[in-house]
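Report on the following structure.
Read-outs: derived from the displayed coordinates by stated rules, not from any lab. All of these numbers come straight from a predicted model, not from anything done at the bench. Cβ placement follows ideal geometry from the backbone for every residue including glycine, while neighbour counts extend to all protein chains displayed.
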Amino acid sequence: MQVNEYKPKIVAFCCNWCSYAGADLAGSNRLAYPAEVKVIRVPCSCRVNPMFILRAFQRGADGVILCGCHPGDCHYTSGNYYTRRRMALLFSMLDYLGIEKERTRVEWVSAAEGAKFAATMNDFVKTVTALGENKRLEDLRCKK
Amino acid sequence: MENSKNVCDEIVRISKVNPRKCMKCGKCSGTCPAYDEMEYHPHQFVYMVETGDIEPLLKSKSIYRCLSCFACIDRCPRGVEPAKLVEAVRLMVVRQQGNNHLKPDDIPELLDEDLPQQAIVSAFRKYTK
Amino acid sequence: MQRIGVFVCWCGSNIAGTVDVVKVAEALKSEPGVVHSANYQYMCSQAGQQLIKDAIKEHNLTGIVVCSCSPRMHEATFRKTAAAAGLNPYMVEIANIREQCSWIHKDMQEGTEKAIVLGRTAIAKVNLNAPLKPGESPVTKRALVIGGGIAGIQTALDIADAGFEVDIVEKKPTIGGKMAQLDKTFPTLDCAACILTPKMVDVAQHEKIRIFSYSEVEEVKGFVGNFDVKIRKKARYVKEDVCTGCGLCTEKCPMKKVPNDFNLGMDNKRAIYIPFAQAVPKIATIDADYCNMLKNGKCGVCAKVCTAKAIDYTQKDEFVEEKYGAIVAATGFNPISMDKFDEFAYSQSKDVITSLEFERLMNAAGPTAGKLLRPSDGVHPHKIVFVQCVGSRCASCAEKGKEYCSKICCMYTAKHAMLTRDKYPDTDVTVFYIDVRTPGKQFDEFYRRAAEEYGVHYIKGMVGKVSPEGNKLIVQGSDLIANKQLKIEADLVVLAAAIEPDKSARPLATMLTASMDTNDFFTEAHPKLRPVESPTAGIFLSGACQGPKDIPETVSQAGAAAAKVIGLLAKDKLTGNPCVAQSDELMCNGCSSCEKVCPYGAITYADKEFRGPNRTTLIRRVAQVNEAICQGCGCCTVACPSGAMDLKGFANKQIMAEVDAICK
């Protein structure tokens, strides 16, 4: 029963051109996913600075997911390739720091994949919920 | 049929040839120097493995008419490599015990002018291992 | 401190059904910076927008948050509303509480809580928003077309007809391109020269068009609306403005053994030449590799016979610098080299030719004056074999062939077969094909006519080997339908060679920072919706440099590219997206990390003076962003190790504030 009450905090970064539109499509099709997911709109997945993800964990996020256009489909031609490389490095470092690699994820969601967006978010929330609260990087001074 | 599928999968596995890459242009058969000796031809080998219709090929003498000259491999525009497939088909026949077309003892009887020397040599090579 | 107004939309029951909008408006009132909070049934309606405008004036708001549908839906609407009330439009943020909240949640409490968080996040961002002004840049009302084939010609004519000046740069001595070499054109069989040469004359006579023939683009700088281009006019050793094109020099030149590239080397020209009779501009050019006067100073016959005194052996390459608002790439194609296809004996026998060579053989102005004669012995061939897909659809070896379908070969092979049977009914014609691909208006009918009316033998199969035997060619191929291997004795074999982009395209793309695919075709900004634009602003694509194309398609694409260019040049000023990168010069250490990741080449470096300690002056190299080129992806902001680079409208601090608000 206690597990059910726990609601993780999840930050989702979505690129403006594909994934954010995909999230909108999930909404238009009324495909439900948990309210714990909150989306931040960025122009391109390559705009997401590793700093933002560290900040989220510092502020008590339990999972961070980054969505961009499929490889080859980037609106800015090459942005998501940079994202892929940067996040591979960041996530392996976070894993080393003790933040389970299941708490971080990069997904490619196109503007037509509303169903994929909802399914991805459902799965991600389930995974993070099972892992429980993240305490590794959390800065307790940020909590009042 | 189930067995044929397994045989085909095994042929694909050992030859590392993907018959689905074939675009059915027929350049392999256009290039094959042993074409007239064969009942089934190089492009048909590939097609038979792709569709799983492998039994007639296993029973056919065509596979021993292949000289392994590799002209088809050299010229195939899609990189399918039919000669490698043929070699794998021959190997499958050998591996199916009791179903051998070429037992070492039978070879002297088969020696005639039609049989390419290279097929015999490659058969011997297999049995001496 | 900002004075923020919050406006929560009901969207009828779309939002209000699962989100308690009154509660949301109430909760957001206490957020930092918020001075006004309201809710309304339809914010996007006239009345809703008026409500926002009134509130901006009444409460002296400096920023607003609209909690409504997706920003993809109405961000532009609310920005206009704000601007109408005198507020900078970039001080508006949208909290998406419909698509990403009310529509996906069923529980009222859950929906309301999430809507409050989303509103809070948008407020946190607006608190850090700054008014933005889109950059403006002037437009040079002149276009450059690179390549003078049918694509370049059509684009230039269409732009010039709209009243804008156009320059064409062509690396050969004449415009006309590949189409000038063709005999007849499918599917109507009208002669290429009859429809192309009038267009070439139109170009020459158009008062808005200048032709830089025998010239190449040397350097491109600048950005959309403001390109600075350096053009190299190669020395042709003939004064362009003096030469009358009489052609006397080309008859008297004693150097007769120069391979004629216009006829693909099947006959010879002189060291001074005019490529063909209808050349535009009709000016002689000296081939410096063969001219005795230029090589060892002995000859000078052309200068002696020239009555106009146009020959100038001392001419040097000249450079012209010019400004343009738009650049069109129309660099075209070439057939691939047949050297690697030993099986077809192309290099062993003169009687194995490519289709373009066949085209010249059939052309009345070609090396045989239009008579179909074998290149080896000048005898009329009675058995011709055409082989399709030579090097096309070839995935096995990248050095040998091309993976793509060259698209035009099926049709021109049908044309060649038909013309041969029409002119020489005693000639037997066989075509080996893998697939016959004839989508296009009147195309399949054309191919069927070749087979049905003209009796061309189409064989489904591929040629494996061609071997010369005596004066015959033995063609060994498969007939897949008869399940037979054929050996045909042929007099002439014609190979439908794959086509590839011109070799000059790759260095040009680097100069233009235009992207290319793995085959060196220019990539379009969007494969379906923006097919004639490069992702780089101000660069447009015309003809086969973007992908294999036949003439009708090339002409329509050329017209489309021209329309896009006209649309750009018709503007007096370009307003950009103000959400662009910005470098903090005090923090930048000039490391070039940002420049390397920028897909648009928007970042340059400048040496700037800074005040150092003790009244010293330091000169440091710092990054500068060209706002007209930057598209605002933000890749550089992450690459920057010193945190000097930031993105306006999506600043580090703003996104961080959003993260904080969500995690609160």
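Taken one residue at a time, the phi angles of the range B:23-28 give Karplus couplings (6.51, -1.76, 1.60, θ = phi - 60°) of 9, 6, 8, x, 5, 4 Hz. Gly and Pro are set to x. Here the simple spin-label model places points 7 Å from the Cα toward Cβ, and for residue C:403 and residue A:70 these points are separated by 1.5 nm. Within the same chain, lysines fewer than 8 places from residue B:61 are excluded, and of the rest, those with a Cα less than 16 Å from its Cα are B:103. Neighbour counts of other Cβ atoms within 10 Å put C:10, C:103 in the fewest-to-most order C:10, C:103. Highest mean packing comes first when the peptides C:657-664, B:7-14, C:347-354, C:566-573 are listed by Cβ atoms within 10 Å, giving C:657-664, C:347-354, B:7-14, C:566-573. Counting only other chain Cβ atoms within 10 Å of each residue's Cβ, the peptide A:47-56 averages 5.
Taking the Cα of residue C:207, stepping 7 Å toward and past its beta carbon, and measuring to each backbone N in the range C:162-190: which are under 15 Å? Backbone N within reach: C:162-166. For peptide C:109-119, the mean count of partner chain Cβ atoms within 10 Å of a residue's Cβ comes to 2.
In chain C, the ratio of gyration radius to Kirkwood radius, Rg to Rh, stands at 1.11 when only Cα atoms are counted.
Here the relative contact order of the range A:7-133, from alpha carbon pairs under 8 Å that lie six or more residues apart, stands at 39 percent.
Toward the positive end of the charge dipole of the range C:4-126, with +1 on the Cβ of Lys and Arg and -1 on the Cβ of Asp and Glu, the farthest Cα among C:35, C:17, C:71 is that of C:71. Coupling constants for the range C:129-134 follow from the phi torsions by the Karplus curve (6.51 cos²θ - 1.76 cosθ + 1.60, θ = phi - 60°), and in residue order they are 5, 10, x, 10, 10, x Hz; glycine and proline get x.
In a solvent-free Debye calculation with one equal scatterer on each Cα, what is log10 I(q)/I(0) for the protein assembly as shown at q = 0.05, 0.07, 0.10 Å⁻¹, listed in the order of the q values? Evaluating at q = 0.05, 0.07, 0.10 Å⁻¹ gives log10 I(q)/I(0) of -0.44, -0.81, -1.17.
With a Förster radius of 45 Å applied to the beta-carbon distance between residue C:619 and residue C:132, the computed FRET efficiency rounds to 0.90. Both numbers refer to the Cα atoms of the range C:4-126; Rg and Dmax are 12.8, 39 Å.
Give me the percent relative contact order of chain C, please, defined on Cα pairs under 8 angstrom at least 6 residues apart. Here the relative contact order equals 13 percent. Dipole check for chain C: with +1 at the C-beta of Lys and Arg, -1 at the C-beta of Asp and Glu, and the Cα centre as origin, the magnitude is about 900 Debye.
Using C-alpha pairs under 8 Å with a sequence gap of at least 6, the mean separation divided by the residue count of the range C:235-315 gives a relative contact order of 41 percent.
Computed from point charges on the beta carbon alone (+1 for Lys and Arg, -1 for Asp and Glu), the dipole magnitude for the range C:580-643 about its Cα centre is near 220 Debye.
Partner shielding of A:72-80 amounts to 5, given as the average count of beta-carbon atoms from other chains within 10 Å of each residue beta-carbon.
The packing ranking, built from the mean of other Cβ atoms within 10 Å per residue, places the peptides C:368-381, C:226-239, C:166-179, C:509-522 in the order C:166-179, C:226-239, C:509-522, C:368-381, highest first. Histogrammed with a bin width of 10 Å, the alpha carbon distances of the range C:420-490 distribute as 18, 41, 34, 6, 0 percent, first bin at zero. Charges were assigned to the Cβ only: +1 to each Lys and Arg, -1 to each Asp and Glu. The resulting dipole of the range C:138-203 about its Cα centre is roughly 200 debye. Using the Cβ-Cβ distance between residue C:251 and residue C:289 with R0 = 30 Å, the FRET efficiency computed as 1/(1 + (r/R0)^6) comes to roughly 0.90. Scattering from the range A:43-144 was approximated by placing one identical point on each alpha carbon and applying the Debye formula without solvent; log10 I(q)/I(0) at 0.11, 0.13, 0.20, 0.23 1/Å stands at -0.35, -0.49, -1.06, -1.26. Each label point was placed 7 Å from the Cα along the Cα-to-Cβ direction; for residue C:296 and residue A:84 their separation is 6.0 nm. Across the range C:547-558, coupling constants 3J(HN,Hα) worked out from phi with the 6.51/-1.76/1.60 Karplus curve, θ = phi - 60°, read x, x, 8, 8, 5, x, 5, 4, 5, 5, 5, 4 Hz, and Gly and Pro carry x. Here's how it looks for residue C:210: its modeled amide H is under 5 Å from those of C:166, C:167, C:168, which are all 5 or more places away or on a different chain. Note on residue C:323/residue C:380: beta-carbon distance plugged into 1/(1 + (r/R0)^6) with R0 of 45 Å gives a FRET efficiency of 0.20. Among the listed pairs B:24/C:415; C:171/C:487; A:38/C:221; C:323/C:549; C:295/C:400, those with a Cα-Cα distance over 32 Å are C:171/C:487; A:38/C:221; C:295/C:400. Dipole orientation for the protein assembly as shown: of the candidates B:64, C:8, C:314, C:8 has the Cα lying most toward the positive pole (charges on Cβ; Lys, Arg +1; Asp, Glu -1). With K and R counted +1 and D and E -1, the other residues having a Cβ less than 11 Å from that of residue C:63 yield a net charge of +1. For the pair residue C:511 and residue C:604, label points projected 7 Å from Cα toward Cβ lie 1.7 nm apart.
Separation of the range C:571-642 and the range C:347-402, taken as the distance between their Cα centroids, equals 55 angstrom.
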